[in-house]
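Structure first, commentary second.
Any read-out appearing in this document is the output of simple, stated calculations on the displayed coordinates, not a laboratory observation. Quick caveat, the model's predicted, so the values are computed rather than measured. Heads up, the Cβs are rebuilt from the backbone with ideal geometry, glycines too, and the neighbour counts pull from every protein chain shown.
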Amino acid sequence: MKQNRVPRIGMRVIKTAVAVVLSYLVFVPFGLLYREELGGVLGQAGPLYACIASIICLQSTVDQSVQLGISRLIGIGVGGVLGIATLLLGPALDNPWIKAPVLGLVCVAGLWLCLLLKRPGACVMACILPCVILITGVTGVTRYHYAVARIVETLVGLFIALGVNAVLPDLRPEPGKGAPDLRVEVKNSTKKLCVIGDPVGHSKSPLIQNTMIAALGLDYVYLCQPVPRGSCRQWLDCARFAGYAGFNATMPHKEELVGLMDELDEDARLFGAVNTVCLRDGKAWGYNTDGAGFLRTLDDEGISPAGKRVLVLGAGGAAKAVCLKLAQAGADVVVCNRTVSKAAELCALAPEHLRPAGFDIDTLRREAAECQLLVNCTSLGMAGAGGQFRDFSFLDVLPLNAPVVDLIYAPAETELLCRAREKGHHTANGFGLLVNQAVLSLEHFTDTPIDAAAMKKLLAEKLG
Ligand code: NAP
């Protein structure tokens, strides 16, 4: 039976609605005080631009909202100063042949100033404000009142947006909350796959894999299977007995599985970690798709690591796959990690391409200034208990043409990526890696080539 599903109202919609209502409420007294004969800023002030500012400042996290808020503030400053400066032309502005080119020039100057300040997020306000100041029928001294009123409104909207974002909960549900909607057709012939981990309840793999399986019309089902730490051998026996076609492994099983495989692919051997196991002909075949998934993600983003100097932050499991693949691709990598001994251990696996370093801000700044690609493989910035970078000033010295990649995909834009984007860097989050490594796993399970670009599009809609 076909079900009519009610669309969910997300936190972004709720926050926007609250901000808009607050904007109107704040300006009710201005409306009540309005007297035609008084005119002036008080009489001109209204809620419209406060609402616009509220809407465009409501980003997914408070940190992102603050960053964008600062940009908008700069935009208001630039747009306000330029807009009011044009009013000095006085009655000449009443002539549309003068007003139009002046407005064009002011907008170009605003955009140029914002880009000069490395704040692309400021451009919108730098153009909107002069436009609303100039494109009105208002003339004479009232023009100044009108302009100041617009600026005041926009500032009020900005602070309402920041306040609403700080008070109401974050936009994205924490991982594990809100069960994904999984509907798969299961027949007697359906082959079983799963992801094992401890914990594993938060894993997106069942949603991703079942979505792809359904879209490709494959006769598989993908489950979520908790397996306690240290129990991989027992699980392998169970999986074989139950006729599983294969499984993925996440923390903490990737290393333990290496010694239990009958066959290992080159990457699993290189990384000392297995994330994909195929059970075929009574044998367990171990693969690792993280490294290849990462290189494919760089390729998707148009980033070629060959011959580049790369700064990798972190030296955990994900960093290992990233660094060793970057080394294979001919990059020169410096691995900065809080625990330097772990970075040294990792770099010893390919010393001609990898060099360990510390995680203090002086080291990060020194290395960032020299690099052509930055990859964050730490958990800093991850939703939940990921922690946060204490100092982002290494981004100030990062060359502008260096892309910034973060392996984290929740939130979709970490503070690192947000700041890098604001500064004009090309950025990419961990969603590409998440999908690419999953596609490669499914190719191993099913022995079928899969169109990764189509899957990425499909999954972006499903998970977005
Ligand atoms: P991991 O093995 O636990 O490594 C965590 C790394 O973060 C270590 O280098 C650790 O440094 C560093 N770190 C943690 N807290 C820190 C702090 N307060 N200050 C400085 N450094 C800190 O984890 P992983 O498996 O490598 O995963 C790392 C990140 O990549 C996670 O956020 C994960 O979600 C993401 N990831 C994404 C995908 C994807 O598909 N997109 C795949 C794998 C991983 P120490 O060595 O000093 O502890």
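Details
- Kirkwood radius for region 304-425, taken over all pairs of different Cα atoms as the inverse mean of 1/r, rounds to 14.1 Å.
- Within-13-Å neighbourhood charge of residue 369 [Cβ basis; K, R +1; D, E -1]: -1
- Cα-based shape type of region 377-431, given that a ≥ b ≥ c are square roots of the gyration tensor eigenvalues and the cut on a/c is 1.5: oblate
- Whether region 253-346 is rounded, prolate or oblate, judged on the alpha carbon gyration tensor where a/c under 1.5 counts as rounded: oblate
- For region 348-396, the set of GluC sites (Glu not before Pro) satisfying both a DSSP loop assignment and a count of at most 12 other C-beta atoms within 10 Å is given as 352.
- At most 15 other Cβ within 10 Å, DSSP loop - trypsin sites (Lys or Arg not before Pro), region 213-243: 229
- Shown here for region 312-346: trypsin sites (Lys or Arg not before Pro) in loop regions (DSSP other than H, G, I, E, B) with at most 12 other Cβ atoms within 10 Å, of which there are none.
- Centroid-to-centroid separation of region 257-291 and region 343-390 [C-alpha atoms, Å]: 27 Å
- Between the amide H of residue 375 and those of 311, 312, 313, 405, distances stay under 5 Å, these residues lying 5 or more places away or on another chain, with hydrogens modeled in the peptide plane.
- Charge tally in the Cβ shell below 15 Å around residue 447, where Lys, Arg are +1 and Asp, Glu are -1, residue 447 excluded: -2
- Peptides 192-204, 250-262, 147-159 ordered by packing proxy, namely the average of other Cβ atoms within 10 Å per residue, highest first: 147-159, 192-204, 250-262.
- As a length-normalised measure over Cα pairs under 8 Å and 6 or more apart, the relative contact order of region 304-425 settles at 23 percent.
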